[in-house]
Structure formats: structure tokens, C-alpha cells
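Q: Let me begin by handing over the structure; questions about it come next.
The values are calculated or read from the model by the stated rules, or taken from the named source; none is laboratory data. If you're wondering where the values come from, they're calculated on a predicted model, not measured in any experiment. Don't worry about glycine lacking a Cβ; one is built from the backbone with ideal geometry, like all the others, and counts go over all protein chains shown.
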Amino acid sequence: MKKPLMAGNWKMNKTVSESVELIKILKNMVHYVTNVEILVCPAFTALYAVNNEIKGSNINLGSQNLFWELKGAFTGEISPTMIKDIGCSYAIIGHSERRQYFVETNEIVNRKTKAAFSTTITPIVCVGETLKERESNMTSKVIEKQIRESLFGLTLGQASSLVIAYEPVWAIGTGKTASPDQAQQIHHFIRKIYEQMYSKDVAYEVRILYGGSVSPDNISDLMKKPDIDGGLVGGASLEAESFIKLIRFFE
Ligand code: 13P
């Protein structure tokens, strides 16, 4: 049985001391939780300190990005080897904010995904349509292209062990969640593409998270849907109280 995953993407928020303060509370309040895998993705600058706090706990660490080369003259970039070394087991790749502001293409996402696997980091590959694309009935086309190109050339094992995050761009940070039915429809569609690309088993095994204004108020309706395996949470992961509620929902 797949374990759901509740992941907090802290984005460009929190200093080191603020990050440590949050993780300390979180660690104490969710230590007994076993039914959901817990992941936090702080800013690069806080990874080391947060990792020191969560050693031996049930909280996993992830980065919000990584570069596709393992080392070399790439000023300002952070390699998968460094991410692994600092304690991360996951990396978010191709978040819509990176696609939008840093022009990350599906090809770049593909390179980063493969680089993550080369250091045994589990990629969380993000896909999602903009409002304009949804309004012009392009959603399935956009999602299919993102999935096929971002995951190009992966092995069956890689395809089943990575995590997909469906985050409709219009639902991120807007307070506007995709309805559970809208989310389920796309999650199901992603599994259908997976069946074509890999197999029925792999399509069943891959965890697909929903992201975009997830909150304690809507988690229960979202998680009732059969193809939603957890959440990638922005705003509600920045406060201990709301993130703890999201995690405890699964107990
Ligand atoms: P919000 O939960 O703030 O909408 O952010 C979603 C997101 O982008 C998580 O990666």
C-alpha cells in the first residue's frame, strides 16, 4: 500500500532561526505519526540547521531545487551531491514558480530529475496549467506534454519511485483550490498517461500529490479522491498549527 506524503514547501521564507523554531515545534507535535510520510523543504540556507533538528525523527528533508550537474564551474548553483550530503532525500523539481520566473523548461526539468536520481534523491516533479491554459481548454495537452517531456528516458523503477505534484498555477497562493473533482480528474489523467508510458502497475504505484491552497479546511475533501496521494503545501506549511493539522488528518 502506498503511504501518502505531506510535503511543506517553505519557498523563500524563514531565516535559519525561524526555520529551527518551526521544525522544533513540528517535531514534537507529530512524533507519533506513522500513517503519512512527512517532508519539509526549507530554503537552501536552512537545510543544514533543520537537518540537525530532525535527525532520528519521522520528518524527512527536501530541497526546493537543484542543478543538473554534480560539480564544477556553475556559480551560484547547488548540486544534487551537495543536497544529498546535507541530508535531503527529496528535491522539488520544476515548480511552477521556477518554470515561470527562471524559465525552466521540461527539458531542464528532465535533466534535473535524472541528476537527482543519480544521487538517490527522490524527485518531486511538478506539473500544472496556467489559468489561461485552463480557460482555453489546453489543460490536458499541457499536462501530458509536461509529463512526457519531464520524465523522458526514465526507467520503470525511477518512474514509479518519483513523486508527481499536480499544482494548477491559478490555485497557488491564491486561496483558490482546484475543486476535489477538478484535481481528481487531472490526477486520473496523469495515471492514464503513465499507463501508456510505463504500465498499469507503475501508474498505480506512483504517488501524485495535489498542491495549490491546500489547508486544514479542504484536506479532507481532497484526500477522499482515489488518485490523490497527499499534498504539496506552501502557505499552510509555514505555520506550525496548520501544518500539524494537515499531518494529523491522516492519523
Ligand atoms: P500554496 O499552498 O501557498 O498555494 O502553495 C502551493 C505550492 O506552490 C506548493 O509548492
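Q: Go through the residues of segment 213-221 one by one and say whether even a single one is closer than 19 Å to L39 by Cα, touching a helix residue (DSSP H, G or I) at 6+ places or on another chain (Cβ under 8 Å) and of a type in the set (G, A, S).
A: There is at least one residue in segment 213-221 that is closer than 19 Å to L39 by Cα, touching a helix residue (DSSP H, G or I) at 6+ places or on another chain (Cβ under 8 Å) and of a type in the set (G, A, S).
Q: Scan segment 215-239 residue by residue and report those that are farther than 13 Å from F250 by Cβ, in a loop (DSSP other than H, G, I, E, B), over 13 Å from the mean Cα position of the chain (by Cα) and within 14 Å of the ligand (Cβ to nearest atom).
A: S215, D217, N218, L238, E239 - these are the residues of segment 215-239 that are farther than 13 Å from F250 by Cβ, in a loop (DSSP other than H, G, I, E, B), over 13 Å from the mean Cα position of the chain (by Cα) and within 14 Å of the ligand (Cβ to nearest atom).
Q: Further question on the same structure: Does M12 satisfy being within 16 Å of the ligand (Cβ to nearest atom) and in contact with a Ser or Thr (Cβ under 9 Å, 6 or more places away or on another chain)?
A: no
Q: Any residue at all in segment 69-80 that's closer than 30 Å to E251 by Cβ, in contact with a Phe, Trp or Tyr (Cβ under 9 Å, 6 or more places away or on another chain) and in contact (Cβ under 8 Å) with a residue 12 or more places away in the chain?
A: no
Q: Quick one: which residue in L26, L47 is under 19 Å from A236 (Cα atoms), at pLDDT 95 or above, buried (at least 21 other Cβ atoms within 10 Å of the Cβ) and more than 16 Å from the ligand (Cβ to nearest atom)?
A: When all the criteria are applied, what remains is L26.
Q: Inside segment 164-209, can you point out the residues that are within 21 Å of N137 (Cβ to Cβ), within 13 Å of the ligand (Cβ to nearest atom) and not acidic (D, E)?
A: Answer for segment 164-209, where residues must be within 21 Å of N137 (Cβ to Cβ), within 13 Å of the ligand (Cβ to nearest atom) and not acidic (D, E): Y166, P168, V169, W170, A171, I172, T174, K176, T177, A178, A183.
Q: What residue, of E251, E241, is out of contact with any Cys (no Cβ under 7 Å at 6 or more places or on another chain), surrounded by fewer than 16 Cβ atoms within 10 Å (Cβ to Cβ) and either on the phi > 0 side of the Ramachandran plot or in contact (Cβ under 8 Å) with a residue 60 or more places away in the chain (or both)?
A: Of the residues listed, the single one that is out of contact with any Cys (no Cβ under 7 Å at 6 or more places or on another chain), surrounded by fewer than 16 Cβ atoms within 10 Å (Cβ to Cβ) and either on the phi > 0 side of the Ramachandran plot or in contact (Cβ under 8 Å) with a residue 60 or more places away in the chain (or both) is E251.
Q: Looking at (1) closer than 23 Å to S118 by Cα; (2) surrounded by 16 or more Cβ atoms within 10 Å (Cβ to Cβ); (3) small (G, A, S), which one does A73 not meet, given that it meets all the others?
A: (2)
Q: Report yes if some residue within segment 199-210 is closer than 19 Å to E167 by Cβ and out of contact with any Leu (no Cβ under 8 Å at 6 or more places or on another chain); otherwise report no.
A: Looking for residues that are closer than 19 Å to E167 by Cβ and out of contact with any Leu (no Cβ under 8 Å at 6 or more places or on another chain), one finds at least one in segment 199-210, hence yes.
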